[in-house]
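Taken together, the values in this text are just the output of simple stated rules run on the coordinates, not laboratory data. Given the structure is predicted, the values throughout are model-derived calculations rather than measurements. Every residue, glycine among them, receives a Cβ derived from its backbone with ideal geometry; neighbour counts consider all protein chains shown.
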Amino acid sequence: MSSAAQTQADDLMQKIVSLCKRRGFVFQSSEIYGGLKSAYDYGPLGVELKRNLMNEWWRDMVHGRDNVVGLDASIIMHPNVWRASGHAAGFADPLVDCLVSKERFRADKAPRPKPGDALPITCADQGVAKTWAEIIEKRFGITLEREGRVLNGLYCVNSSKFVYCPKSIPVEKALLYAQQVTEIGGSWNPGGQENPVHYFPFRGYVGPTFGSPFLSEERQFNLMFRTALGAVDPMNEVATHLAALTAAPDLATAVTERFGKDAQEGALAVALASGDRAKILRAAIEQITSPAMAYLRPETAQAMFVQFKNILDSSGQKVPFGIAQMGKSFRNEITVEHFIFRSCEFEQMEMEFFCEPGTQKEWMAYWKEQRMAWWKRYANDPSKFQFRQHAADEMAHYADDCYDVEYAYPWGWGELEGIASRTDYDLSQHEKHSGQKLRYTDQEKEDPATGKKPWQYLPYVIEPAAGATRAMLVYLIDAYHEEERRTATGEIEKRTVLKLHPRLAPIKVAILPLVKKDGMPEKAQELAAAFRKAGILAKCDEKASIGKRYAKHDEIGTPWCITIDGQTMQDGTVTLRDRDTTEQVRISMDQAVASVRERLS
Ligand code: GAP
């Protein structure tokens, strides 16, 4: 992205974040205490928008279909669910620290330069550049060239080496020589230069913010939030055991005696074999606390696999059918970014569609079409949605196909929903770990292996998994418009308008008495009551001039404003103003509810 496009993108996001706070859509969590960067609170308008969006999804996915049923499962599930699903072991991101800037980031998301590329380190300002150049000189023995806030002189050789090449030596020569040296970490000093060429081990990527290639080893980081269940505080247990273990003359012997058979296998055995005291203590703490440990769910999906048999037996559904769930998920994300795009606490809308093995391709095609149509239905600009098929090396090991629904965010294309063909992996894992049979019996079909009825099999699964809070951001971006119009008096008027789809809009109708007298406020209340009775969210608004009230409701996305004026008091008619066109029509007040209802449907 060019720097002009970047500035424009930042500017748009800033405007949206500011509107969200000013108008009560989204607030930083715990703001009066300095705020939590990783969590957000949805204010009076935000909660309506989020609920409307999630209700539309539910209406389409569950109420709109005979073969999909709903579930509302607990957030804390049996810890074995996460062992079976692979989340406890594998739900981890490779995490890296920059040794110079201390930036911490995900290795799999970091920029990967090509051989021959320069690796400039771009610091926050010139002062920081000076400090970092000194750190690099002291720690790595090289003097980078400072140009303003940029440190130059580093080049990518290949995915395992980078080179420091001073200005006095041609870069091509240094790169060519670097191809030939097998040993990493050495230097080359043609003609006895003051600053010789140096070779460094490279991780294949650089820090995303500053571009530094001086990085730590990768560490795995579990994204699940842990909590403890039970009446006994596991910290007391830890303290009691650690007091005894650390007082023992030999830690390894004490741990081996204390944990018996458990010390001979798993993480504890590995730690004991390493002889590293810190690792042994860490593994011992895990062992002590593990019986009480529970996790906040990192996705809503697993409950739908775990309850597959109960729902099958109680709902009368037959394969193919789906189970849908929406609600909170929690991930201890290393990088929280772009406002509510990625946060630690967020909401998902997921559906597991169970189908006969061998039919997954056709169901994938069906759900892809359905989901894309759903996203576009509520958008002003449908061209900003696209599919991206996962490459084989990107796909989870159990998936046989996967597509992302992507949106053109101000910072570029990014994921909004994943549609995965998950094979029978999850059901087979839960069958294995729980010891319960989760097979489906089709009495009408012959088992392809034996040629005899019935056919008992583990269904395959297509999973459309969308983020609800991320979807809210997408529709806010899609809806945000700044416009200039010529008024009746010929002046140019600027307005900000959220062109939210009326079904998503937090408030459907604003009822505005022209003045706060002559019975108009009472008439407005009367009409608002009629809307409430019809289940349509209407709000009376009598503060400020009529123009300011229109502007406010344009900015919060209210699709229609109804004005009660002098004529209303005489002939019972009102004006109905359309947010997007600003056109007004005069209708009978008696017809107002029916008229809005029709426009909403
Ligand atoms: N069960 C599959 C699953 O959870 P995912 O791609 O990890 O798949 C699905 O998540 C969707 O949930 C994503 O496409 C995204 O919209 C949303 N999502 C995931 N992590 C998120 C986060 N930290 N903050 C906000 N939304 C997130």
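Before moving on, here are some points about what is shown:
- Scattering curve values for segment 510-601, log₁₀ I(q)/I(0), Debye with Cα scatterers, q = 0.13, 0.19, 0.22 Å⁻¹: -0.36, -0.82, -1.14
- Working note: Debye formula, equal point scatterers on the alpha-carbon atoms of segment 82-125, no solvent; log10 I(q)/I(0) at q = 0.34 Å⁻¹ is -1.13.
- Whole-number D in µm² s⁻¹ for segment 80-178, Kirkwood Cα-pair radius fed into Stokes-Einstein, 20 °C, 1.002 mPa s: 136
- Quotient of Cα Rg and 2.2 N^0.38 Å for segment 270-383, N being how many residues it contains: 1.57
- Max-minus-min Cα coordinates of segment 448-593 on each principal axis give 84, 36, 22 Å, with the largest extent listed first.
- Geometric extent, Cα atoms of segment 491-543 - Rg, Dmax (angstrom): 13.5, 40
- The simple Förster model, with R0 at 25 Å and r as the Cβ-Cβ distance, assigns residue 415 and residue 445 a FRET efficiency of 0.10.
- Per the Debye calculation on segment 1-68 with a single equal scatterer at every Cα and no solvent contribution, log₁₀ I(q)/I(0) for q = 0.28 Å⁻¹ amounts to -1.10.
- Distance (nanometres) between label positions extended 7 Å along Cα→Cβ at residue 277 and residue 176: 5.4
- Centre separation in Å (Cα based) which lies between segment 232-257 and segment 570-598: 74
- FRET efficiency, 1/(1 + (r/R0)^6) with R0 60 Å, evaluated for residue 369 and residue 168 via beta carbons: 0.45
- Between residue 396 and residue 5, the modelled labels are 3.2 nm apart [label points 7 Å from Cα along Cα→Cβ].
- Dipole size of the chain about its Cα centre, with +1 on Lys/Arg Cβ and -1 on Asp/Glu Cβ: approximately 940 debye, rounded to the nearest 20.
- In terms of its C-alpha gyration tensor, segment 473-517 comes out oblate, because a/c is 1.5 or above while a/b does not outweigh b/c.
- Computed E for residue 481/residue 536 - FRET, C-beta separation, R0 25 angstrom, nearest 0.05: 0.55
- Counting only Cα atoms, the size of the chain along its three principal axes is 95, 74, 54 Å, in decreasing order.
- For segment 20-61, a crude dipole built from +1 on the beta carbon of Lys and Arg and -1 on the beta carbon of Asp and Glu, taken about the Cα centre, is about 140 debye to the nearest 20.
- Cα centroid separation, segment 288-340 to segment 475-536 (Å): 39
- Ordering 3, 75, 40 by the projection of their Cα atoms onto the charge dipole of segment 1-133, which places +1 on the Cβ of Lys and Arg and -1 on the Cβ of Asp and Glu, puts 3 at the extreme positive end.
- Remark: spin-label model distance residue 29-residue 74 equals 2.2 nm, labels positioned 7 Å along the Cα→Cβ axis.
- Three-way shape label, segment 17-109, alpha-carbon gyration tensor, a/c 1.5: oblate
- Computed extension gain for residue 252 through residue 18, at 0.36 nm per residue and net of the alpha carbon distance, reaches 78.6 nm.
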